[in-house]
Every structure is written in C-alpha cells, then in structure tokens.
Amino acid sequence: MRKQIAAANWKMNCTYQQGEELLDNILGANISLADHRQVVFAVPFPYLIMANSEVADEKNYFIAAQNCYHKKSGAYTGEVSAEMLHSIGIKYCVLGHSERREYFQESNKMLAEKLDLCLEYGITPIFCCGEPLSIREAGTQNAYVETQLKESLFHLPDSAMAKIVIAYEPIWAIGTGKTASSDQAQEMHAHLRSVLANQYGPLLAGNISILYGGSVKANNAKDLFARPDVDGGLVGGASLNAEEFIAIINALK
C-alpha cells in the first residue's frame, strides 16, 4: 500500500514554547502508526532541531522543513540549504507551496533545482502543485497542474521520481474555508497519477503518495482520505490544534 501521510504545515505560526507544547500534546495521544502510515510536521526553521528531538523515538513520525534554497551554498544571507537540513537529520522538505510561488515568485525551474538538491542530500521533497480560482473557473486546471509537474519533475530519472511525495493544493481552497469536494479531489489526484503513469509507467505512478491540501479539517478528512487516489493531507490551520490534527491522523487509510 502507498504511504498514507498526515503532514502538518505550521507556516509562520507558534512560538518555540507553543510549538513544543503542540508536539507534546499530539505525541501524547500515543497513536500507533501502521507501517504504511506516516506523520510529518513541517515546522519553522528555528524549531527544526527541537522538533526532530521530540519525534526521535517515535515510529513513523518525521520533521520537514517548509522550504530550502535553490543553490548549494554561498553568499545568500538568510537562506537555508538542503545540505544544512541534511546535517541536522531532516528527512522531508516542502517545496513549491502556493504561498512561496505567489509571494516569492518561485518558478517551476527554480523548484526543479530545489528538488535536485533535496534528493542529492537524501531529503524527500513534498512537491506542491495546484491551480488558482481563475484557472479552475476556466476549466483548464488539469493542463495547468500538468505543466507544473512536467517543468519541475520530469527531468528526474525513475529512481529519483519514486522518492517524491506530491501535494495537490487547489489555491482557491487554502485558508479560505472552501474545500474541494472529495469528488473534485479524487478527479485531480487521478489525473495527476495518469500524468505520472504516462511519463514513468503505471507501477511507479501507483506507488507515489499524492496528498490533498486545502482547508483539511477533522470533519472532512475521513471523506477526503477515503478516495482511492488521495493518500492523506497537507494540513495548514487545523494542524495547529492538537485535537483536530489527532483526528486527521486517525482518518488516514
């Protein structure tokens, strides 16, 4: 079975103390994760070492960075490299979140460079893709998201592509309270898997986890995750509430 993943994206939230308490409350629920289930916490850079220490003895719990820079090293004041993340034991990195694309003008080409660096250092990318409302209303969302995959991922050989996690985020549903229906989510996830299958074959495509992101909450997670091509969620606001996120973890297939 594909990995079923509940990924928390804290974004720019929580003080150090609040983050520590949130992790303690979630881990204190003592959720036993089967081998095909994983929980990933994407925390702000200053909390990576603390968070990694918190999950060190927990089975199938991991920490992610929310971003990394697209150069290996150098005079880039304030940036964080994949090599730095590797050096402190970080296993995942979120790349291409719509907020990074919108506010920091991250291009598909830049994201391809970030992907390569993460893979070079043994870090699993959680690659985000998704369409804005104007594209959805025009009915061209499939082609739009397909281009994101092709321009950022399709230079990878099979062995590297097999290590990628994809997160589909309809931008119109992020933080808006709107959620793609489970039918809409399934339709896009199935399309993404077919695009991957055309490039890499059905076997590899069938083993790639595709997460849904966009106002995932305790009250809709079970319905979303039950769909055959939805392999969990990249969760924003609800991941900042221990009770909500515990329920989302428990909703995984």
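The values are calculated or read from the model by the stated rules, or taken from the named source; none is laboratory data. The model shown is predicted, which means the values in this text are computed figures rather than measured ones. All Cβ positions, glycine included, derive from the backbone under ideal geometry; neighbour counts span all protein chains shown. Areas reflect the complete protein model, heavy atoms only, side chains present, ligands, DNA and RNA absent. Shrake-Rupley method; radii C 1.70, N 1.55, O 1.52, S 1.80 Å.
Let me see the pair-distance distribution of region 126-186: every alpha carbon pair, 5 Å bin width, integer percents in order.
The distribution over region 126-186 is 4, 16, 25, 24, 14, 10, 5, 1, given as percents.
How many percent of the alpha carbon pairs in region 1-81 exceed a separation of 14 Å?
Pairs farther apart than 14 Å: 65 percent.
Pull up all non-local amide H partners of Arg37: gap of 5 or more, or a different chain, and H-to-H distance under 5 Å with H placed in the peptide plane.
Gln4
Taking the mean number of other Cβ atoms within 10 Å as a proxy for protection, how do you rank 18-25, 133-140 from highest to lowest?
Per-residue Cβ counts within 10 Å, averaged per peptide and sorted highest first, yield 18-25, 133-140.
In nm, what is the difference between 0.36 nm times the number of residues separating Leu33 and Asp223 and their Cα-Cα distance?
Stretched fully, the Leu33-Asp223 segment lengthens by 66.4 nm.
Considering only protein heavy atoms, what per residue accessible area in square angstrom results for the chain with a 1.4 angstrom probe? Kindly include the intermediate steps, with their values, before the conclusion.
On the way: 10980 Å² over 253 residues.
Per residue, the chain has 43 Å² of solvent-accessible surface.
What are the principal axis extents of the Cα atoms in the chain, in Å, biggest first?
The Cα atoms of the chain stretch 46, 44, 33 Å along their principal axes.
Thinking of region 116-224 as a set of Cα atoms, what percent of all their pairs are more than 20 Å apart?
So the portion of pairs separated by more than 20 Å is 40 percent.
So how much slack lies between Ser73 and Ala138, counting 0.36 nm per residue of separation and subtracting their Cα-Cα distance, in nm?
Contour length minus the Cα-Cα distance gives 19.3 nm.
Once every Cα of region 1-139 carries one equal point scatterer and solvent is ignored, give the base-10 log of I(q)/I(0) from the Debye formula at q = 0.18, 0.19 Å⁻¹, two decimals.
Values, matching the q order: -1.08, -1.17.
Ignoring ligands, DNA and RNA, please state the percent of accessible area on region 135-195 from carbon and sulfur, probe 1.4 Å.
52 percent
Applying a 10 Å radius around every beta-carbon, put 60-67, 79-86 in order of their mean neighbour count, most first.
Put in order of decreasing packing, that is 60-67, 79-86.
Any chance you could count the Lys pairs in region 99-253 whose alpha carbons are under 29 Å apart, treating pairs 8 or more apart or on different chains as valid?
Counting lysine pairs in region 99-253 gives 15.
For region 130-135, what does the Karplus curve 6.51 cos²θ - 1.76 cosθ + 1.60, with θ = phi - 60°, yield as ³J(HN,Hα) per residue in whole Hz, taken in order and with x for Gly and Pro?
For region 130-135, the Karplus curve yields x, 10, x, 4, 4, 5 Hz.
Which far-off residues, 5 or more places away or on another chain, put their amide H under 5 Å from the one on Val235, with H placed in the peptide plane?
Ala7, Ala8, Asn9
Which peptide among 190-203, 217-230, 38-51 comes first, and what is the full order, when sorted by highest mean count of other Cβ atoms within 10 Å?
Result, highest mean first: 38-51, 217-230, 190-203.
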